Amino acid sequence: MPLRIIKTVWDYCSYNKKFLLFILVILLIFGLLQDFFIENYGDTVGFLAQTFFSIILIGYGLVITRDIINHGIRLPKIIIKDVLLFGIKGYLVFVPYLFVQGFLLSYISDPLNLPDFDLKDMLLNLPKTIHVLYSNNPVNAVVFVILGLIIFYVTMFFAEIALARLADSKKILSAFDFKTIKKDIDCRVWNCLIQF
C-alpha cells in the first residue's frame, strides 16, 4: 500500500515534469530568500519574510489539496488570488495549532529540565540532541522524547486534517470543528487498519 501511495503522488506531481521543476526552483528560491532576509535584516524583517513565504507555501499546498479532493490528476496552475486567499486562511488556521503544540511541548519540557522539544532541530542537530539527552536523567529523557513525539504527531495530525477541511469547504470555522475532525481521524485510522 505505501508504494502505491508513493507512486500515485509521483504520478500526480510529475504529470508535467517541467512544471514540477519550476515549482521546485521556486521553493529553493523562497528558502534562500527567507534565509537572506533573516540573516541580513534582523528579526522583524525576517519574521515578516518568513510569514509571507509561509502564506504562499500554505496557500499553494491548499490549492493542491483542493485539487486532489476534486480528483485532479496533476499539479494545479498557480493562480495568485487563490494562493493568497488560501494562504491567509491556512496561516490563520495553522498558527493556533502550532501555538497549542508549542504550549504543550514546553509544558512537558520545563518540569523535566530539558529544552523545548523541536523535532526538526533534534534531528538536524543530532550530536547536540544526544549530548542534552545523555547529560540529563535517563528516565526524564525517555519521557521527554516519547511525550514530545506523541504531542507533535497528534497536533500535526489535527492541523493537517483541519487544513484539508479548510481546502474542501473554504471556511475557516470548519478547521476548528474538533468533533468532526476527530471523526475524520478515527475514520482514516480505521480505514488504514482494515487495509493492512
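General observations
- Exactly one residue among GLY72, GLY31 is modelled with pLDDT under 90 and under 19 Å from ARG165 (Cα atoms), and that residue is GLY72.
Condition check ((1) at pLDDT 90 or above; (2) closer than 20 Å to ALA159 by Cα; (3) out of contact with any Phe, Trp or Tyr (no Cβ under 7 Å at 6 or more places or on another chain); (4) not in a loop (DSSP other than H, G, I, E, B)) across all residues:
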position: GLY61; (1), (2), (3), (4): yes, yes, yes, yes
position: ARG66; (1), (2), (3), (4): yes, yes, yes, yes
position: PRO76; (1), (2), (3), (4): yes, no, yes, no
position: ASP82; (1), (2), (3), (4): yes, no, yes, yes
position: GLY90; (1), (2), (3), (4): yes, yes, yes, yes
position: VAL93; (1), (2), (3), (4): yes, yes, yes, yes
position: LEU98; (1), (2), (3), (4): no, yes, yes, yes
position: LEU114; (1), (2), (3), (4): no, no, no, no
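- Consider segment 22-45 and keep the residues that are over 21 Å from the mean Cα position of the chain (by Cα) and β-branched (Val, Ile, Thr). The one that is surrounded by the fewest Cβ atoms within 10 Å (Cβ to Cβ) is THR44.
- Taking the listed residues LEU48, LEU105, LEU92, the one that is among the aliphatic types (A, V, I, L, M), without any contact (Cβ under 8 Å) to a residue 12 or more places away in the chain and surrounded by 12 or more Cβ atoms within 10 Å (Cβ to Cβ) is LEU48, with no other qualifying.
The values are calculated or read from the model by the stated rules, or taken from the named source; none is laboratory data. Only a predicted model underlies this, so the values are computations on that prediction, with no experimental measurement involved. Neighbour counts are summed over all protein chains in view; Cβ atoms, including those assigned to glycine, are modelled from backbone coordinates with ideal geometry.
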